[in-house]
Each structure stands twice: as C-alpha cells, then as structure tokens.
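All remarks here apply to the structure that follows.
The values are calculated or read from the model by the stated rules, or taken from the named source; none is laboratory data. Quick caveat, the model's predicted, so the values are computed rather than measured. Neighbour counts run over all protein chains shown; Cβ positions are idealised from the backbone, glycine included. Remember, those area values only see protein heavy atoms, side chains included, never the ligands or the DNA or RNA. Shrake-Rupley method; radii C 1.70, N 1.55, O 1.52, S 1.80 Å.
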Amino acid sequence: MAENTQDTPDSEDSGTGLASRLGSHVPALAVGSVIALASIPAGLQPWQAILGYGVLASGLMVWPTGKAAARSRAEKKAQKTPPLDFAIVEALDMPTIIFDQETLVVRQNAAAKVLVGDYPERASLSARIRSPAILDLVARVVARGLPESVEHSERVPSERWHEVRVAPVKTRSEPGKRLYVLTFRDLTEARRMDRMRTDFVANASHELRTPLASLMGFIETMQGPARNDEAARTRFFSIMLEQAQRMARLIDDLLSLSRLEMRAHVAPEGEVNLGRTIMHVVDTLKPMANDLGVEIEVALPEEAVVVAGDVDELIQVFSNLIENACKYGQAGKRVQITVTNPVAEGADVTVQDFGPGIAKEHVPRLTERFYRVDVETSRAKKGTGLGLAIVKHILARHRARLVVRSTPGEGSAFTVKFSRAESAKKTIIKELY
Ligand code: ADP
C-alpha cells in the first residue's frame, strides 16, 4: 500500500545523471558565473574572482530554492496528515477498526463509530465491544497471526447479523508495530431474505399439500369403501374438482408473483384509462356480486383519468380489491368505487365496502404473502392469501401506493394512490376493450 502522497517522486528528481542532479541548481550556478565574470574588469585577481564565484554559488545552492522550500513545507504537512492506510479506512462504509497487538484502538472509521460507539483515544477494544465471541476471535488472531471470522447476531435494539473478521495487516506507516483490522460485514438483509424465502416455500408447500391430501383421500375412498357407491362418487368428484381448482388458483397466483418479481424494476409502458378499466372489471365481477347479493356503485370524474401503466396488471389490481370487497364485505351489501384526480396530487381509486372491517393489528400485514385475517373464511371464499401481495407488487412497479383504512363494524377502504407524474398524462387513448 502506498503511504504518503509526498512519496510520489516528481519528474525532475527521477533522473540519475549529473545533469539531472545539477538541474535544480542551474539558476544558482548561472548567477555566480555572471557576478564572477563581471568582477574581473572591476580589478579583481582571477583567483579572487574564482574564490568569490565558489562562495556565492555554494551559498545560493544551500539556500532553498522555491521548489525545495515547497517540498520542505509539503514534508512538514505530511507528518501531520494521517498515513494513506487510515484515509482509506475512513472512506470505507463498512464498519472498520484498526487495533494493535495490545488490542488498543488505533483508528475507527465513521461507520464503526455508528455501530459500536466512539472510542476515546488509545482505548481498549473491549471498552465498546463486549461480545465474548468477538473478543475471543481477536485474541486468537493476535496469538496466531492468521485472519479469521465469526458470525455474530444481536437482538437489541433490532435483530442484526454481521460477519466479524479480524486480520493482521502489514503497513509501512507503522513499521515497528503489529496492527490488526476488524471489520463488520452486514448480513442482516441477506438473512432476512433467506428467512422470507424459507417461509415462502414452507407456506406454499403447505397450501398445496392441503388440497392434495384431500384429493388423495377421496381417490383412496373411491378405490375402497365407496367403490360401488354411485351417489358418493358423484359427490366426491365435485369436491375433488374444487380441490383441484384451488391448487390451480394457487399455482396461477404463485406464477403471477414470480413474473412480477422478474419485472419489478421495469416501468410499465402503456397508458390506462382508469374509468374504462374499472367499468370493465365491474362488468366481469357483476355475476359474482349478484350471487353474493352485493351492489357495486361507481363514481367517476367527468374528465377521463389516464395513468401510465400496464392495463392487464391494473385489471388484476382492481379485480382483487373489488372481489375482496364483495367477498369479505358481503354483509354491507354495497361496494362503492370512487375515482378522484385532485389537481395537486395524483389520481386515487378507492374501493370501499361496508362489511365487518379489519382489526387494527392486521392492517399493516395484509399485503404479506399468505397472510389472512381468518384462514378458514379466506379458504371458504376461494382465497389463496396472495391477492394483496400481488396488488402490492403491481403497484410498486407502477410507482403507486396502497392505503388501507378500516373501522371494525363499519367497513374497509382500499385506496390506490397513483403518483402525480403517472396521472399527469391525459392523452386520448385508443379503445382497449
Ligand atoms: P385472499 O386470497 O385470502 O382473499 P388477499 O391477499 O386478497 O387474500 O387478502 C388477505 C386477507 O385480507 C384476506 O384473507 C382477508 O382476511 C383480508 N381482507 C382483504 N380485503 C378485505 C376486506 N375488504 N374486508 C375485510 N378483510 C379483507
């Protein structure tokens, strides 16, 4: 590792010949020669002129020229500035602490100050780091001189994981000293993702296994005790069809989610007329709403509201929200859909039901995969527990938000808030349906 900036040789000093070594003294030699030549006509003896020339030239050579003075100033400044090794440590965003063989802290960067606190000058490493696992690691590396790492987790103030690594360093800046570098690599996000993935696979398998177990049970019954019972077989077939349909819905939703995840960072390209899209969804869901005895009311502004978006994905969003409002808010017998487009903000679409509402503690978790207020009710209403997770993903791609307000006993309102930039475009679009 390079040490100080002043170590970088400048071009004049890089030559090794006599000419290059005398190069910086040329002005002194020239001034001396002129004065010596001028002194001969003035009546001095040649030996006196040569002696005078010698004294004058050496004086000028010893006196620092402008460049030499600048160099000596740079040298003094460099003694005050920290060696480059430490400047690099400072620039790292990974918490890093340098300590010596007595485990006294020599340097810590800003990220380390945030993580473990500010060490007073020459404090012991254990003044801030109390974890026995980390202190044992430090002792082992100091004793053996070989790099090692351990995984460390803490639960307070929040759950965090780090890979803590200690390695000996060789530096030219502290020649007599053995130094060690202690780093903390944050694994929290990676661990969180791992846990989410494991939970997701466990949940998805469980959701698929339930209808599958039921299917297998019915097949076995029909092969055995119900082999000749025509009436039972007819009944069983219709239950089996329902279970198979449930598995198909689940697989469709899982595929939808994975497709959305793949496109998460690609902004949608088309333009969508919100009023027309909502009317299309309402027409499709009307038979279901009629069966449930729910009336759907739509209030649209006079002017068309157009947002940038993918029409198929927004159909999926509004279908999910309106279907949920009809299913879970069935008791209210009425679902109200309102589109507003305030000048100062983006467009809003609110789907309001007048059913039992949702208790406060469930509201923040509704968009989690497989989260349901009541699993049995959701299953009975052909839910997969993935609808609102899909809505959240689609809206994230559209730079839109979902705001849920619910009052138990009065109903729930799910509002999609498109950002202003998305809803600003009001171009005429071609017929979509
Ligand atoms: P599901 O497939 O179970 O309907 P969703 O992700 O669409 O899954 O919804 C998650 C849960 O949120 C539902 O199981 C239900 O408990 C609750 N929920 C959603 N919409 C409403 C609503 N309008 N009123 C009451 N509860 C709702």
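Observations, loosely collected:
- Residue 350 among the β-branched types (Val, Ile, Thr), more than 29 Å from the chain's Cα centre (by Cα) and farther than 30 Å from residue 273 by Cβ: no
- Residues that are surrounded by 13 or more Cβ atoms within 10 Å (Cβ to Cβ) and either in contact (Cβ under 8 Å) with a residue 60 or more places away in the chain or of a type in the set (S, T, N, Q) (or both) within the range 190-203 comprise 200, 203, listed in sequence order.
- Qualifying residues in the range 338-351 (those that are under 22 Å from residue 390 (Cβ atoms), more than 9 Å from the ligand (Cβ to nearest atom) and not acidic (Asp, Glu)) - the one most open to solvent (accessible area, probe 1.4 Å): 350
- Of all residues in the range 257-293, those being open to solvent by 30 Å² or more (accessible area, probe 1.4 Å) and in a helix (DSSP H, G or I) number 15.
- Residue among 207, 242 that alone is open to solvent by 60 Å² or more (accessible area, probe 1.4 Å) and either part of a helix (DSSP H, G or I) or farther than 30 Å from residue 114 by Cβ (or both): 242
- Within the range 355-387, the set of residues being surrounded by 18 or more Cβ atoms within 10 Å (Cβ to Cβ) and more than 9 Å from the ligand (Cβ to nearest atom) is empty.
- Flag for residue 420 being open to solvent by 70 Å² or more (accessible area, probe 1.4 Å), within 30 Å of residue 270 (Cβ to Cβ) and either within 12 Å of the ligand (Cβ to nearest atom) or modelled with pLDDT under 90 (or both): yes
- Looking only at residues of the range 294-337 that are farther than 15 Å from residue 351 by Cα and within 16 Å of the ligand (Cβ to nearest atom), we find that the one that is surrounded by the most Cβ atoms within 10 Å (Cβ to Cβ) is 313.
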